[in-house]
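A short worksheet on the structure shown next.
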């Protein structure tokens, strides 16, 4: 938590306990001017200063300021390690960049569908699809983790469903190189509808991340716009553009979450 929200929270907790500033500083080795500046949002105290203040007020630092990961049913499925949250979010950030880049190659491969009979094309297409899904898995696993950290079940479930549906459609895309080619149009329509619905749900999940203000809000809005465009079918090319923009915001959002976790641990 950053200033001025931090100071406002400490002020709220102090008043809740019925302490004056003078009564508080008398018990925690800081002067009145320091607590005044903290509560006014003028200075950002170190974590040990906050902990000493909260100890006097009778509050648990971790409960008030830190987000604790609560083990969830997705842990085993997604390989989430509850004791390595920061490391896994770092991985999500890196793979988010990889996924963003791989997306351009994936779109390019779709435009070269007239080469589908070429063995070389099939090999490259399978490679691109594999890299894209692996990077998506680690990227969106990060949002499942963030959903658990911030008790945002909608974000958790929508991120998980995107991983499931993407795996399903990726397998269909690859197998269509050899069989079911005549059903490509049906696959494409089903994919647009599925991703349209999931993008709207994901966007709503992002908007519920109140801790991250405008970044989360705009990530959610752009994701919802993407979903609407995909559901409209005819606007799907616009949805493709907004999806790339949404991915940039999603990468920034993971970076913001990482920064928040690091700030709380200092």
> Can you name the number of the only condition in (1) modelled with pLDDT of 80 or more; (2) not assigned by TED's automatic domain parsing to the domain that holds residue 144 that residue 43 fails?
Replying inline: (1)
> Considering the range 5-19 alone, what residues qualify as being surrounded by 12 or more Cβ atoms within 10 Å (Cβ to Cβ) and outside any helix (DSSP H, G or I)?
Replying inline: 19
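The values are calculated or read from the model by the stated rules, or taken from the named source; none is laboratory data. Bear in mind that the values here come from a model prediction, so they are computed numbers and not experimental data. Every residue, glycine as well, gets a Cβ built from its backbone with ideal geometry; the counts of neighbours run over all protein chains shown.
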